[in-house]
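Have a look at the structure below, then the notes.
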Amino acid sequence: MLRSWAAHWLMFALVCRAVAQYSSDLCSWRGSGLSHETHRRDVEQVYLRCSQGSLEWLYPTGAIIINLRPNTEPSSGRMADVHVCIKPQTFSQGSHVYLEHRGDLRLLLSDKDQAQGEVRCFSMKEGALFVEAIPQTDISRKITAFQYELVPSQGPGAHMYPYLRQGSVTCKPCSDQEVLMAVCTSDFAGSGIFREVMPGTNQHLVVVVTLHRLFHQKSGLFVWGGARGRAWSGRVNVPAPCIVQPGEHEYLLIGSVHFGEAWLSCAPRYKDFLKMYIEAVNAGTNPCHIDTD
């Protein structure tokens, strides 16, 4: 019932009245439904061309269509390999979020779902985001707000991010070639130990780690200090099906950052990594230089 009513509303709105208001920021958009409150069936087009950003819609009325595109040359093959992940703010309310493809709507997040703040992902080829305000007499305290990211569905560790493939996470180790490339291109890479496994969600566990070496990191995930001030400490998310054994074994920890949190991609034993890295250096096939001393 909800879907069919929204689809009818979308077609009516697109035919009768469409408003194109472009955001000056290519990554994020902030707008207000008060700009067209007298035309509650307006559909506003929003175009964003960044790998990540945010949307904040105050006093939602009518609807907005959010067109997300990576800031690269257009290619149908590349588009098929990119997923969009959105994470609503826990205070977000006042709208339903759909996927719109050729006039067909599929519910992605209901108004009530958004309070949980859970991530939802979908392939970019599935369509654009259609955010529909819930008709109501009082909109003074309603704000629809979420963050978004464009996430490649291929590459080292993509199989470890549970929101890309619901219920089909695989914990297979990365190949030697994937490890060597990931240590150069990942959002963080370092060597250390798993300290403690903490409760997370049905999707993932939270693991406390101590890093003795930090090759590089993004967004200040790991803090200098730890044991006697000679290590880096932080937390990484690990998919729930994967087994993590805290202890003294040293691992190479590689991963990506999603919505400000670290997600583990590859974790070979550090001594195994050193062996493959030295062999690659001797063969001249290492994609970058890592200071392993």
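No value in this document is a laboratory result; all are computed from the given coordinates. Predicted, not measured: the structure shown is a model, and the values here were computed from it. Please note: Cβ atoms are built from the backbone with ideal geometry, for glycine as well, and neighbour counts cover all protein chains shown.
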Note, LYS218: beta-carbon cut-off 14 Å, +1 each Lys/Arg, -1 each Asp/Glu, net -3
In region 214-293, what GluC sites (Glu not before Pro) fall in a loop by DSSP, with at most 13 other Cβ atoms inside 10 Å?
-> GLU248
List the lysines whose Cα lies under 28 Å from the Cα of LYS271, skipping any in the same chain that are fewer than 8 positions away.
-> LYS172, LYS218
Which of the aspartates and glutamates could a cross-linker bridge to LYS275, judged by Cα under 12 Å and excluding same-chain residues fewer than eight apart?
-> ASP176
Cross-link reach list, lysines versus LYS112, counting only Cα pairs under 16 Å and skipping chain neighbours closer than eight places = LYS87, LYS142
Quick note, region 158-283: a/c under 1.5 would make it rounded; otherwise a/b > b/c is prolate and the rest oblate (a ≥ b ≥ c, C-alpha gyration tensor); here it is oblate
In whole angstrom, note down how far apart the Cα centers of region 157-206 and region 271-293 are.
-> 21 Å
Formal net charge of residues neighbouring VAL206 (Cβ-Cβ distance under 13 Å; K, R +1; D, E -1) | 0
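So, by mean Cβ neighbours within 10 angstrom, what's the order for 57-63, 170-176 with the highest one leading?
57-63, 170-176
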